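A short write-up of the structure that comes next.
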Ligand code: NAI
Ligand code: MG
């Protein structure tokens, strides 16, 4: 019987409600499929920063390193400087563990009344692969003379050939397992150095995958296509910031941000990968028991897939589809089901 060591990092806000819900589902599916999840909970996040001065202990990365995967909610609180959560937790882990792939499926679920009235479930089914450790989010900049009339700020994007190549290979290989279509979402007509280079390297890699249909699309046009023609997408390969923005738009086309799952993946498995919903800590609804747990639960399915428990992962996705298919919907989807009720109905389906 396989055993996996899971670090559960609740984070802040609704993380305290949806991560425990996700763990309940994971333990149930583990019993059913006869593997063991050894879970350790870590109370890290912005609330820890308020009391202890840091999001995680100094040896936090070494602690996480000993696990097979990290199951994470979200970090950030209104009382804490919002430049810190990404810098002191999310990006820190992604970078240290070389999680260069951010895997974000977008799929219209049965029973959910999405905002795109003229689209059917089969029209919205694609994956966004967001480059996860370089690009616009390397936090290399400076603010000069902020309070003076001549004050100014700079921030430099960083794209390396190696970084682009590794995420491109992952994306083309993923496209091969799906509908064999890859769209590079870029903005090289105006970011004429970094994203021109990005396009060039991706085009070189595309030549190595002649069986995958390759297309380049600018992000402004791509955003319109998310709404008008989502069926044109299979695998989207894009940069850190563009992927961040488009995945919330993708979540919206699914009906709610609360549905979207994600995996921060180190494909070589030299480090643990980290799984979290696409949304944040939602402080506006935290503590009310009404958060949609599905993005978190679905992230658990992505985690099991990465650990090799594919049948268990498929079971979770199936239970999600049955639950929303029966119109068991939380408030963000227009229903009245609570986090706890949705979780318990999902458990019944398992
Ligand atoms: P958010 O994603 O937390 O919330 C946006 C809106 O979506 C809110 O109205 C919220 O109530 C709703 N929402 C999000 N998840 C939901 C769920 N599961 N069920 C029902 N409704 C849901 O984004 P926001 O408000 O921009 O950020 C809040 C905090 O989260 C900030 O501190 C931000 O920095 C942090 N954040 C953290 C992330 C991470 O840890 N990876 C990612 C994004 C934001
Ligand atoms: Mg985001």
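Coordinate-derived values only; no laboratory data. This one's a predicted model, so the numbers in the text were calculated from it and none came from an experiment. Cβ coordinates were reconstructed from backbone atoms using ideal geometry, including for glycine residues, and neighbour counts include every protein chain displayed.
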- Given all pairs of distinct Cα atoms, segment 283-340 yields a Kirkwood Rh in Å of 12.2 Å
- Query: In square nanometres, what is one fourth of the surface area of the convex hull spanned by the alpha carbons of the chain?
  - Reply: 18.4 nm²
- Evaluate the Kirkwood expression for the hydrodynamic radius of segment 202-259, namely the inverse of the mean inverse distance over all pairs of different C-alpha atoms, and round to one decimal in Å. 12.7 Å
- Query: In segment 1-145, how does Rg compare with the Kirkwood Rh, expressed as the Rg/Rh ratio over alpha carbon atoms?
  - Reply: 1.02
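If I take every Cα pair under 8 Å that is 6 or more residues apart in segment 55-150, average their sequence separation and divide by the length, what percent do I get for the relative contact order?
24 percent
Take every DSSP beta bridge whose two residues both sit in the chain, then give the antiparallel share in percent to the nearest 5. Mind dumping the intermediate values first?
Working: 19 of 49 bridges.
Percent antiparallel among DSSP bridges in the chain is about 40.
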- What spacing in nm lies between the two simple spin-label points modelled at residue 284 and residue 83, each 7 Å away from Cα in the Cβ direction? 2.5 nm
- Task: Please express the Cα-Cα pair-distance distribution P(r) of segment 154-268 as a list of whole percents, one per 10 Å bin, running from 0 to the bin with the greatest distance.
- Result: 13, 45, 36, 6, 0
- Item | Ordering of 96-102, 192-198 by packing [mean C-beta count within 10 Å, highest first] | 96-102, 192-198
- Note on the structure: Burial-style ranking of 144-155, 45-56, average other-beta-carbon count within 10 Å with highest first, yields 45-56, 144-155
- With a Förster radius of 41 Å, plug the Cβ-Cβ distance of residue 314 and residue 40 into 1/(1 + (r/R0)^6) and report the FRET value to the nearest 0.05. 0.95
- Query: Taking every pair of alpha-carbon atoms in segment 54-116, what share in percent sits in each 5 Å bin, from 0 to the bin with the longest distance?
  - Reply: 3, 12, 20, 20, 13, 11, 10, 7, 3, 0
- Query: What is the antiparallel percent of DSSP beta bridges lying wholly in segment 147-258, to the nearest 5?
  - Reply: 0 percent
- Radius of gyration and maximum dimension Dmax of segment 1-55, Cα, Å: 13.5, 41
- Report the full-extension gain for the segment residue 207 to residue 2: residue separation times 0.36 nm, less the Cα-Cα distance, to one decimal in nm. 69.8 nm
- Set the Förster radius R0 to 25 Å, insert the Cβ-Cβ distance between residue 231 and residue 326 as r into 1/(1 + (r/R0)^6), and round the FRET efficiency to 0.05. 0.45
- In Å, the Kirkwood estimate of hydrodynamic radius for segment 28-76 over Cα pairs equals 12.7 Å
- Message: In segment 86-126, whose amide N lies under 14 Å from the spot 7 Å out along Cα-to-Cβ of residue 241? List them in ranges.
- Response: none
- Message: At 222 nm, what value in deg cm²/dmol follows for the chain if DSSP H runs of at least 4 each add -39500 (n - 2.57) and the sum is divided by all its residues, to the nearest 500?
- Response: -12000 deg cm²/dmol
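For segment 8-146, what proportion of DSSP beta bridges, expressed in % and rounded to the nearest 5, is antiparallel?
Roughly 60 percent of the beta bridges in segment 8-146 run antiparallel, per DSSP.
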- Query: Once all Cα-Cα distances of segment 104-178 are split into 5 Å bins that start at 0, what whole-number percent is in each one?
  - Reply: 3, 12, 14, 12, 11, 11, 11, 10, 8, 5, 3
